[in-house]
Each structure stands twice: as structure tokens, then as C-alpha cells.
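Okay, structure first, notes after.
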Amino acid sequence: MDKEDPFAGVSVFVTAARSGTFTRAGEQLGLTKSAVGKAITRLEERLGFKLFHRTTRLTRLTAHGEAYLSACLAALDEVTAAQTALSSNSQVLGGRLHIDVPVAFGRRVLLPALIEIVRPHPGISLTLTFTDATSDLLRDDVDLAIRFGALGNSSHLVARHLATQPRVICASPGYLKERGTPTTMAQLDEHRCVVGTFNGPPLSWTILEGGIEKTYMPPATHQLSDGEAMVDAAAAGLGLVQMPLSVVREKIQAGHLQVVLAEYSGAGVEVHAVWPHQGHLSPRLRYVVDALVGYAAQGRLD
């Protein structure tokens, strides 16, 4: 008597867990939402425990589901590693990569680099999302994210340092002519500033005083959730802004922005490539990560 396939429903479960909804999982697998739900139910019956908490608006993993997802991902990593090892002579890379990047840095620095990186491998397809909000890589089905700043402790994520970006405080020449050029941090109380939002670019600035790195809260005159918009707003004369040098370099060189308070802006910001923890990276993800590290070593991400 044939035994039931022990892997039946596993790929559906993993896709549903990573995409966050049965509807989205069905779109990725070419199945209906109902078919996904039935496959999950059959898997739960075979396992003897619930994998998801289901409501009309939310689908989230149970504690058993979290543990089973971890085991499934580890097993799939081993399969991927075996396939990679057996096809090591092949230089053809393919498949889709979902990469999440900060808006301004992504458009000005990363997009040109990624275009160069994938050009030799037309089989690689990119899904690029540009956002300054912090996303949940597993929830949003993101393969790779580029993040600024210190990384929180997370056992399910792996990070690779790419670069350290110098920060600068700047404003438009027109704004400085009208409001004056600040020479001390205390004078900023009389100025207008462009800052981020709670779930976007930071509301605070990072400064150096006496060689010590400190957090400074500037006047939050204008709060924008998009780094590119913050740069444009500062160049249009709305106030002072602090940004990584790479995203304002062109406007500084063009004379649209002018650096101020340089002695306070020496603290750099870390840039990391971050991805969900896996035993083995897929060949296309490893290729892109390694290429980005190489670009960073050449100073091309500064």
C-alpha cells in the first residue's frame, strides 16, 4: 500500500507563510484561494496540529506553524544547496529576486548598480520596492533588503555590511540667505528643519559633539516619510536636512544644497544587506549579495 507523500502541501504552506495571505499565495502558485486553504487543511490534518490562526482579515502562524516553517525552510535550503553543488559548472542564473531598498539611496545609487549586476544574467528577474518604512522580510516575501543604521537583534535575519556613509547637514542657498547660516547646534532652535516620520526616515539626527556621537532632535517643522522627498524639500528651501552624503551629493555639486555644521556631522551611518536566515543562499541571491559587496569595496556605493 502506497504511503502518502510526506511533502504534500509543504510548498503551499511555505508560500502561504511567507506571503502572509492565502490569496497572495494562490497568485504566486497559480491556485485559487480555496485550493490553498484546502491544501493547508489537509496538511494540518496529517500533522495533527494547526499551522495558522485564521480570521476574516488576518492569517498568521501558530507557534507550531512557526516551528514547522523553520524546519521546512531548513529542508528546502538543503535541497537548494544540493542542486547548486550538482550544477556548479553552470554559470546561468535565473529566477526572481524581491529586493527592498530605501527610496533616495535606492534610486540614486543602488538601481544603477543592480542594473549592471543583473545585465550578464538575463534569466534573473527583479522585483524592486522603494520604501523608507521598515518592512518584515518574511511577511512581505522580500529576498534581500538594504538598510541604513543599526540593526536590531533578530535571529531570523542575516546581515552583511556594505558601507559606512558619511552624514551631512545641508540646506538650499536661498534658505540660508533668508534665515542665516547656523554655526552651532543651539542656533537650530531658530531654524526650520525637514525630518522623517515614526515609521520612515529618522526624526532625529546623529551628530558629533567633542568627538562623542549623540542623538539630536531638531525642530520637526516638516515631517516626510520619503527620503527622496526630504531631499527635494530641502533643495526647494523648506529647511535644513540631514542625509547620507550619497543621496545629496548631486544636488550639492549642482549648487542646489549647501553643507552646514560640518564639524557636527562626522558620524557615519552603516549600510547593510539583510536577508532571511537560510542554511544556504540561492545562487542568484548569493551572486547579487557578493556583487554588491564587491561594488562597496570599490567605493561605488559611497
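Since every read-out is calculated from the coordinates, none of them should be taken as a lab result. For clarity, every value in this text was computed on a predicted model and none was experimentally measured. All Cβ positions, even for glycine, are placed from backbone atoms using ideal geometry, and neighbour counts span all protein chains on display.
Between F105, F130, F49, the GNM of the chain built on Cα springs shorter than 10 angstrom shows F49 fluctuating the most.
Taking a point 7 Å out from the Cα of E263 in the direction of its Cβ, the residues of the stretch 160-187 whose backbone N falls within less than 15 Å of it are 182-187. Here's how it looks for H121: its modeled amide H is under 5 Å from none belonging to a residue 5 or more places away or on a different chain. Each of L257, L29, L144 has some number of other Cβ atoms within 10 Å of its Cβ, and from fewest to most they run L29, L144, L257.
Placing +1 on each Lys and Arg Cβ and -1 on each Asp and Glu Cβ, with no other charges, gives the chain a dipole about its Cα centre of roughly 500 debye.
Based on the Cα atoms of the stretch 165-269, what semi-axes does the equivalent ellipsoid have, where each is the square root of 5 times one gyration tensor eigenvalue, given in whole Å with the largest first?
Semi-axes from the Cα gyration tensor: 17, 16, 14 Å.
Note: relative contact order over the chain, using C-alpha pairs below 8 Å and six or more positions apart, is 22 percent.
Ranking H191, A236, Q165 by Cα position along the charge dipole of the stretch 165-269, where only Lys, Arg, Asp and Glu carry charges on their C-beta atoms, puts A236 farthest toward the positive end.
To test your reading of the geometry: what angle, between 0 and 90 degrees and rounded to tens, separates the Cα axis of helix 63-86 from the longest principal axis of the chain? On a 0 to 90 degree scale, this one is about 90. With R₀ set to 41 Å, the beta-carbon distance separating R300 from R54 gives a calculated FRET efficiency near 0.30. Once backbone amide H atoms are built at 1.01 Å from N, L97 has S125, L126, T127 as its partners under 5 Å, excluding neighbours fewer than 5 places away on the same chain. The value for the chain of Rg(Cα) / (2.2 N^0.38 Å) is 1.21. Only DSSP H runs of four or more residues enter the estimate; each adds -39500 (n - 2.57), and after division by the residues of the chain the mean residue ellipticity at 222 nm equals -10500 deg cm²/dmol. Compared with the dominant Cα axis of the chain, that is its longest principal axis, helix 33-47 is turned about 60°.
Considering only I212, I252, G200, the residue lying farthest towards the positive end of the dipole of the stretch 165-269 is I252, judged by Cα position with unit charges set on Cβ.
Under the convention that each Lys and Arg Cβ holds +1 and each Asp and Glu Cβ holds -1, the size of the dipole of the stretch 165-269 around its Cα centre is about 100 debye. Using the Karplus relation 6.51 cos²θ - 1.76 cosθ + 1.60 with θ = phi - 60°, the per-residue 3J(HN,Hα) values for the stretch 224-229 come to 10, 8, 10, x, 4, 5 Hz, with x marking Gly and Pro. Of A273, P182, A35, whose Cα points farthest to the positive end of the dipole of the chain (charges on the beta-carbon: +1 Lys, Arg; -1 Asp, Glu; origin at the Cα centre)? After comparing all options, I get A35.
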